[in-house]
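Written out below as structure tokens is the structure these notes cover.
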Amino acid sequence: MATQTNTIAGACVDAGGSALGMPQLCAEWMPNQIFWLIVTLIAIFFVMSRIALPRIGAVLAERSGTITNDIAAAEDFKNKAAEAETAYEQALTDARAKAQEIIAKAKAEIQADLDVALQKADAAIAAKAAESETAIGEIRDSAIKNITEVATDTAKELVLALGGTADATTITAAVNARMKG
Amino acid sequence: MTQVAIEPETKGGLVFHPLDQFIVKPAFGDGAVNWYTVTNLTVWMGIILLAIFALFVLGSRGRAIIPSRVQSIGELMYGFIYKMIEDITGKDGVKYFPYIMTLFVFILFANFIALIPMSYSPTSMIAVTATLGFGSFVAITILGFVKHGASFLKLFWMSDAPLFLRPIIAVIEVISYLVRPVSLSIRLGGNIAAGHVVLKVFAGFAALAVASPAAILGIIAIYGLEVLVAGIQAYVFTILICVYLKDALHPHH
């Protein structure tokens, strides 16, 4: 029955405006639908192929290019950072070595200065000691001489007092002999 | 499909006209629907075109490296279909990208815009889906013959099968090949039309006080389902076109 209504022109809608049968099968409307579908598809095709798709494709390509470049730049920066780190480490090592050198040099200089000062001090001490020894020697000599004189005089007086004759040379020799003992 | 079953009777205050939404009528004034008449279908075709223009042309007018929201939707669809073609048909299928993209966005937008209440759904009309299906089928078949000449027929000749089975398989293959456009158009049109009819039937029940809560819940549920169907049917149509295009470009398995 439905197919029957389709074949009758103008019979797809009843008097009340409701569909008779399936509107999908109404042959009367099909040319209209197909015509407007084709018009729409052609319009969409032109919009897509002439404007939208090239534009979006270009944007996507540009984006992937930008991302690739950015990644490459980041890689570059990373390498530079690594280089800088190596240079820094090198500088640090160099500085350490130099510092060690300077310390060693300073130590050597101080040592040399110290040695010189020590030598000077030793020399001064030695000179002072020698001087003191001489002075002590002189004092001792003069003391012995005085004692000898006193002893000789005392011995001469003793001999005279005891009634002997005092020969000066004999007494001196005797005193000297006694002093040595 | 008797008229009584489809043509609703008014009984107990319930009015069912689930098929009235598919009626084609002149958009301005009354009269006959000629092939050139501007109809409600024309108006909605125009809205579909405008929506596509808005998304893909206005949305991407910034040509931004960092896309705006609308531009990123367009890019997503571009990438989705581009990748689909590349995966299924291979590199040499990419030059048919604008055609397949046109089909996809038309079906997708028609399906989704048809879900706006009071709208008209072009993809529920068998004349529209059959034009899409048979049009693509004829174009792809011609392409196959142009590219490969008579050796395109090797698509139906299974050289792997035992010799005595080959003619039988060839017959089956030819039939299944010829059924492709029919299944394409019926699948799309049937799914969309059925969904809209079901929505209208639930809407009819909503007029009945007792049934209206259930009917409204039903409408919400079916509407959600129809949103899925709208996307899936556009996807299925497009992916099948890609598969058929692959057969035309590489018929020798």
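Charge tally around B:GLY90: other residues with Cβ under 14 Å, Lys/Arg +1 each, Asp/Glu -1 each, net +1. Label positions at A:GLU85 and A:ALA126, each projected 7 Å from the Cα along the C-beta direction, are separated by 6.3 nm.
Each 10 Å bin from 0 upward holds the following percent of the Cα-Cα pairs of the stretch B:156-253: 14, 28, 22, 16, 12, 7, 1. Extension gain, B:LEU163 to B:ARG187, is 5.2 nm, computed as 0.36 nm per intervening residue step minus the present C-alpha separation. Can you tell me the FRET efficiency between A:LYS78 and B:ILE232 if r is taken as the Cβ-Cβ distance and R0 is 56 Å, rounded to the nearest 0.05? According to the calculation, E is roughly 0.75. In order along the stretch B:16-26, phi translates into HN-Hα couplings of 10, 10, x, 9, 5, 5, 9, 5, 8, 9, x Hz, rounded to whole numbers, per the Karplus curve 6.51 cos²θ - 1.76 cosθ + 1.60 with θ = phi - 60° and x for Gly and Pro. Here's how it looks for B:THR39: its modeled amide H is under 5 Å from those of B:ALA27, which are all 5 or more places away or on a different chain.
Remark: the B:ASP30-B:ALA211 segment gains 61.5 nm on full extension, using 0.36 nm per residue and subtracting the alpha carbon distance.
Calculated on C-alpha atoms, the gyration radius of the stretch A:2-180 divided by its Kirkwood radius gives an Rg/Rh of 2.13. Could you give me D for the protein assembly as shown, from Stokes-Einstein at 37 °C and 0.692 mPa s, where the hydrodynamic radius is the Kirkwood radius over C-alpha pairs? Units µm² s⁻¹, please. Result for D is 105 µm²/s. Using a simple spin-label model with pseudo-atoms 7 Å out from Cα toward Cβ, B:ILE73 and B:ARG61 lie 1.6 nm apart.
Just want the answer: with Cβ charges of +1 for Lys and Arg and -1 for Asp and Glu, which residue in B:PHE53, B:VAL171, B:ILE65 is farthest toward the dipole's positive end in chain B? Farthest towards the positive pole: B:ILE65. Cα centroids of the stretch B:109-127 and the stretch B:79-107: 23 Å apart. Mean partner shielding of peptide B:100-108, defined as the number of other chain Cβ atoms within 10 Å of each residue Cβ, is 4. Partnerless cysteines in the protein assembly as shown, where a partner means another cysteine C-beta under 4.7 angstrom, comprise B:CYS242.
All alpha carbon pair distances within the stretch B:3-249 were sorted into 5 Å bins beginning at 0; the resulting P(r) in whole percents reads 1, 5, 10, 13, 14, 14, 12, 10, 8, 6, 4, 2, 1, 0.
FRET efficiency for the pair B:GLU173 and A:ILE38, taken as 1/(1 + (r/R0)^6) with r the Cβ-Cβ distance and R0 = 22 Å, rounds to 0.10. Against chain A, whose longest principal axis is taken from its Cα atoms, helix A:168-180 shows a tilt of about 30°.
Spin-label model, A:LEU158 to A:ALA135: label points 7 Å out along the Cα-to-beta-carbon direction sit 3.5 nm apart.
Helix B:212-249 and the longest principal axis of the Cα set of chain B meet at an angle near 20°. Charge tally around B:ILE241: other residues with Cβ under 13 Å, Lys/Arg +1 each, Asp/Glu -1 each, net +2. Between 0 and 90 degrees, the angle of helix A:53-161 with respect to the longest Cα principal axis of chain A falls at about 10 degrees.
When only alpha carbons are used to place a centre, the stretch B:129-151 and the stretch A:76-118 end up 82 Å from one another.
Note on B:SER151/A:PHE46: beta-carbon distance plugged into 1/(1 + (r/R0)^6) with R0 of 45 Å gives a FRET efficiency of 0.85.
Values quoted throughout were computed directly from the atomic coordinates according to the rules given, and no laboratory measurement underlies them. Everything numeric in this text was worked out from a predicted model, so none of it was measured. Using ideal geometry, Cβ is built from the backbone for each residue, glycine included, and neighbour counts are taken over all protein chains shown.
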